[in-house]
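Undergrad: Sending over a structure as structure tokens; questions will come in a sec.
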Amino acid sequence: MSLRPFHLAFPVHDLAAARTFYGDVLGCPEGRSSDHWIDFDLFGHQIVAHLDTATKPVTAASAVDGHDVPVPHFGVVLTMPDWEALAARVETAGIPFGIAPHVRFKGQVGEQATMFFRDPSGNALEFKAFADDSLLFAR
């Protein structure tokens, strides 16, 4: 079975800021849109930013490998070259990292490169990469 794209709809308080962040910084091609939402292609997955001017970011966190990981969050498992390129784009754009790019679980099953940052509406994103994708669900 081939992997199918996922769909995620999430709130943003400013569509213009979302368009700049997801389109220009993250490099997501824009799909359909209206005055209240924008579709983006996030590495082959459909995400939809829905306008909600009252939205406030959730600030809960979970301790993982010595870091406070924001919950909820979303993102994509990338190839290592794509992950490195995205980390450089985010840094160049001046987006602050909540958890800077690093390797988590080093030397263990599930070793992965990871980074966390937030969009202009405070939605937390994580992007990760594995040297060996077959370890994605390893125990």
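The values are calculated or read from the model by the stated rules, or taken from the named source; none is laboratory data. In this text, all values refer to a predicted model and were calculated from it rather than measured experimentally. Every residue, glycine as well, gets a Cβ built from its backbone with ideal geometry; the counts of neighbours run over all protein chains shown. Surface accessibility is based on the protein's heavy atoms, side chains included, excluding ligands, DNA and RNA. Shrake-Rupley method; radii C 1.70, N 1.55, O 1.52, S 1.80 Å.
Undergrad: Give region 1-49 a look and list any residue that's acidic (Asp, Glu) and surrounded by 15 or more Cβ atoms within 10 Å (Cβ to Cβ), or say none.
TA: We begin by selecting, within region 1-49, every residue acidic (Asp, Glu); these are 14, 24, 30, 35, 39, 41.
Within region 1-49, ASP14, ASP39, ASP41 qualify.
Undergrad: Another question, if that's okay. If you go through region 80-96, how many residues are in contact with a helix residue (DSSP H, G or I) (Cβ under 7 Å, 6 or more places away or on another chain) and closer than 24 Å to ALA60 by Cα?
TA: 2
Undergrad: Here's another thing I want to ask about it. Kindly list, by first and then second residue, each pair from a residue in region 53-66 that is over 22 Å from ASP35 (Cα atoms) to a residue that is among the basic types (Lys, Arg) and not in a loop (DSSP other than H, G, I, E, B), limited to pairs with Cβ atoms under 7 Å and residues at least 6 apart or on different chains.
TA: ASP65/ARG104
Undergrad: Listed residues ALA129, ALA138, ALA113, ALA88; which is more than 24 Å from ARG19 (Cα to Cα) and open to solvent by 10 Å² or more (accessible area, probe 1.4 Å)?
TA: ALA138
Undergrad: Would you pick out the residues in region 60-94 that are at pLDDT below 95, outside any loop (DSSP other than H, G, I, E, B) and under 23 Å from HIS7 (Cβ atoms)?
TA: PRO70
Undergrad: Moving to a separate point now. For region 1-35, which residues satisfy the criterion of being part of a helix (DSSP H, G or I) and in contact with a helix residue (DSSP H, G or I) (Cβ under 8 Å, 6 or more places away or on another chain)?
TA: Start the filter on region 1-35 by keeping residues that are part of a helix (DSSP H, G or I), which leaves 15-25.
Passing the criteria: only VAL25.
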